Amino acid sequence: MVLDQLSGDVSGAARPAADAPSPARTASDAGGRRPALLILPALIALAAFFLYPLALVAWNAFTDPTPGLGNFVWFFSEPANLATLGRTFTTALWVTAVSLLLSYPYAYAMTVAGPRVRGLLMMLVLLPFWTSLMVRTFAWVILLQDTGVINQLLGAVGLGPFSLIRTQTGVIIGMVQLLMPFMVLPLYAVMSGIDGRLLPAARSLGARPATAFVTVYMPLSLPGVSAGCLTVFISALGFYITPALLGSPTDALISQQIFTQVNGLLKWGRGGAMGVVLLGLTLVMIALLAVSLRRAGRRVSR
Amino acid sequence: MSSSAISPDARPAPAPDAGSGRNDLAGRGARIELTGLSRRYGDFAAVDDISLVVEPGEFMTLLGPSGSGKTTTLNIIAGFVSPTAGSLKVDGAAIESTPAHKRDMGVVFQHYALFPHLTVAENIAYPLKRRGIGKARRAELIRAALDTVHLGEYGHRYPRELSGGQQQRVAVARAIVYGPRVLLMDEPLGALDKKLRDWLQLEIKRIHAELGTTFVYVTHDQEEALVLSDRIAVFNHGRIEQVGAASELYERPATLFVAKFLGESTVLRGEATRTGDGSAVGVCARAIHTPGRIEGSRAAIVVRPERLAVRPRDHRPEPGWNALPATVTGEIYLGSSRKLELALPDGSPALVREQAGMLSDTREGDEVTLTWRAGDSVLLPDDPDVEAVFT
Ligand SMILES: Nc1ncnc2c1ncn2[C@@H]1O[C@H](COP(=O)(O)OP(=O)(O)OP(=O)(O)O)[C@@H](O)[C@H]1O
Ligand SMILES: [Mg+2]
């Protein structure tokens, strides 16, 4: 379910925004209502499997067990709930930041590598898609546990042991690995469209290599950065399995708490309220992130 | 500047200094000296031991077929490619180890390489900012550069909002705004249509005259080279075949390759023997005389089409003239002149150009005598490779 949503997201996000008016739009004037017919099946599916359940959840939040704002009052008056919410957002931010730091040079390397190396790098990015989310998360359990491969390797060079599993660090490591493709792919898509002659041109105009990179390449890669960051951040907010298996129960994220409320305590209203709060805050964050990235893009390019 | 009146894609404002011929960006050109320069990729020499001096303020064109090493040479001068042998001096100082951003040269790329996220004015400001030039001075220089390329009103536009010719002129403005001593251009008009190219050639020539900067210009279009250059260096297989003014290359080509690459000509091949005042070459069982002398005996004689004349078959050549029988195989009327295509007895082609008003009454199929002065025969060593390039 999570993955389905994500792959839908990324193919849209990976395309750099085109400014040219689409010829299809002008053609549709003559073509009548045909495009509308073409997206009708998707719209019906979206309404049946996304909007309807969403409305149901929201309805529950305001009506179960009694109509009113009771569930929301409960949510905001419990410090534990607010701590969970905060932890969810900081974890998602960390995952986004670490993914970006790892993916930016990786995607850049893909654009400058020869075709053979590029194919290999692309395969490594896509590799996670060929195994199930569960399998990969359990693999991380084995790698990260106190007597796991990572601690054994660190021990061999005289470091550690570190407690990685059942910590926020472990959750972030696992989530970064699972979400990195959604950062690398839009970055690569945008970077491979950047004209390779722009950097020599900047050099000839008197820019040191680092200056040329920061003033020309980075601003041009920003659409990829914002697409990747949005996708990874939003996906990280809703992650359930990975934090459940790699994290500690005391550091649970909001998706785990929703699960507890609904499945464990059968409090459908409270679960719904948490979902509505998460959705609302996510939308606000998307708006803020989009605005600030656009500003940053404009500032860097000055 | 009347040249701007024929601009097909813009309504340029007149340059402020058009009357006086002075330009705010004018400076002094540098002297560039390439000595024994090579660039090898594995076993392959993209540039093979070339030596060339470009004088201060000169317009030097690197002309040659595709793959002959022009771009590589330009990239070596710009600092994007390092030579594997030889030395490169600018105003007497060796600069092989100077990085590109410290060479203070302007470069105009074939596809302009404008920064798409910056407006025209910001593109032109880019090199000024890298040099720490203050805002007020920057504005003046940007204005002067935009006026120089007749794009005064376009500063706030983004490159994608400009036509190809306008983008090309922005690239020129960006490369000259900081007063570089050298301007390097790699086929800057290659992506444009013929009409626009003709106009921009004149614009580039005018900018060169206004600035006094040393220009090194790469093209594979011989006509463009003739229009623009003070001197032309003809490249072939990574080597320079000849350097000289256009008239020199045309009248006195040093190799068969240069003769064939620049302009049209008739080539006569045969065995050369020395005579008292030059050489005689056996062509179609006749001796063709030329004042030239070469090493070896496999020779080619090159004659330009306007030097050849067509006479009746029974014409007797005067002393000091060569003659060959020929058959007219075709005729092309060009308005100001007429081209006649002929075949020699051995089947090889010949080409004659007659000026309007001096046309002979020759027609296709006529049996004629082809005559020309012995002094108009350029004697060169034969080069069998050349046919491969041109046929
Ligand atoms: N990085 C490289 N690696 C290997 N060979 C190269 C490299 N760069 C250029 N060459 C080769 O060197 C030769 C000269 O290339 P160059 O680009 O200088 O030609 P050019 O005269 O500019 O041709 P054109 O008119 O097609 O632009 C070509 O045969 C090219 O394949
Ligand atoms: Mg080239």
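The values are calculated or read from the model by the stated rules, or taken from the named source; none is laboratory data. Everything numeric in this text was worked out from a predicted model, so none of it was measured. When we count neighbours, we look across all protein chains shown, and the Cβ atoms used for this are built from the backbone with ideal geometry, even at glycine. Keep in mind that these areas ignore ligands, DNA and RNA; they rest on the heavy atoms of the full protein, side chains included. Shrake-Rupley method; radii C 1.70, N 1.55, O 1.52, S 1.80 Å.
Odds and ends about this structure:
- B:Val107, sole failed condition from (1) crowded, with 22+ Cβ neighbours inside 10 Å; (2) under 23 Å from the mean Cα position of the chain (by Cα); (3) away from ligand 2 (no atom under 15 Å from the Cβ): (3)
- Some residue of the stretch A:277-292 being within 12 Å of another protein chain (Cβ to nearest Cβ) and open to solvent by 30 Å² or more (accessible area, probe 1.4 Å): no
- The stretch B:185-199, subset under 15 Å from the mean Cα position of the chain (by Cα) and within 27 Å of B:Gly79 (Cα to Cα), residue most open to solvent (accessible area, probe 1.4 Å): B:Gly190
- For B:Glu161, the conditions (1) open to solvent by 20 Å² or more (accessible area, probe 1.4 Å); (2) farther than 27 Å from B:Ser68 by Cα; (3) in contact (Cβ under 8 Å) with a residue 40 or more places away in the chain are fulfilled apart from (3).
- Taking the stretch B:122-158 as the range and being surrounded by fewer than 20 Cβ atoms within 10 Å (Cβ to Cβ) and in contact with a Gly (Cβ under 8 Å, 6 or more places away or on another chain) as the test, the residues that pass are B:Arg130, B:Arg131, B:Arg143.
- Residues (outside any helix (DSSP H, G or I), aliphatic (A, V, I, L, M) and more than 16 Å from ligand 1 (Cβ to nearest atom)) located in the stretch B:95-139: B:Ile95, B:Met105, B:Leu114, B:Leu118, B:Ile133
- Within the stretch A:114-221, helices (runs of 4 or more DSSP H) holding 3 or more residues that are buried (at least 22 other Cβ atoms within 10 Å of the Cβ) and within 14 Å of chain B (Cβ to nearest Cβ): A:198-204
- Restricting the stretch B:89-102 to residues that are more than 12 Å from B:Ala30 (Cβ to Cβ) and not polar (S, T, N, Q) leaves a set whose member that is nearest to ligand 2 (Cβ to nearest atom) is B:Ala100.
- Of all residues in the stretch B:46-77 being more than 13 Å from B:Ile240 (Cβ to Cβ) and more than 15 Å from ligand 2 (Cβ to nearest atom), the one that is least open to solvent (accessible area, probe 1.4 Å): B:Phe59
- If you go through the stretch B:326-340 and keep only what is open to solvent by less than 40 Å² (accessible area, probe 1.4 Å) and within 10 Å of B:Ala350 (Cα to Cα), you end up with B:Ala326, B:Val328, B:Leu340.
- Checked against the criterion of being among the basic types (Lys, Arg) and without any contact (Cβ under 8 Å) to a residue 60 or more places away in the chain, the candidates B:Arg174, B:Arg143 yield just one match: B:Arg143.
- Test: residue in the stretch A:239-251 that is more than 29 Å from A:Tyr188 (Cβ to Cβ) and either within 14 Å of chain B (Cβ to nearest Cβ) or open to solvent by less than 30 Å² (accessible area, probe 1.4 Å) (or both): yes
- Number of residues in the stretch B:39-89 that are more than 7 Å from ligand 1 (Cβ to nearest atom), within 14 Å of chain A (Cβ to nearest Cβ) and closer than 15 Å to B:Val107 by Cβ equals 8.
- Remark: pairs (first residue in the stretch A:68-84, surrounded by fewer than 12 Cβ atoms within 10 Å (Cβ to Cβ); second residue not charged (D, E, K, R); Cβ separation under 9 Å; 6+ apart in sequence or on different chains) = A:Gly68/A:Phe62; A:Ala80/A:Gln257.
- Among residues of the stretch B:107-120 that are at the interface with chain A (Cβ under 7 Å from one of its Cβ atoms) and under 10 Å from B:Val172 (Cα atoms), those with a Cβ under 7 angstrom from a residue that is open to solvent by 20 Å² or more (accessible area, probe 1.4 Å) and not basic (Lys, Arg), sequence gap 6+ or separate chain, pair up as B:Phe109/B:Asp186.
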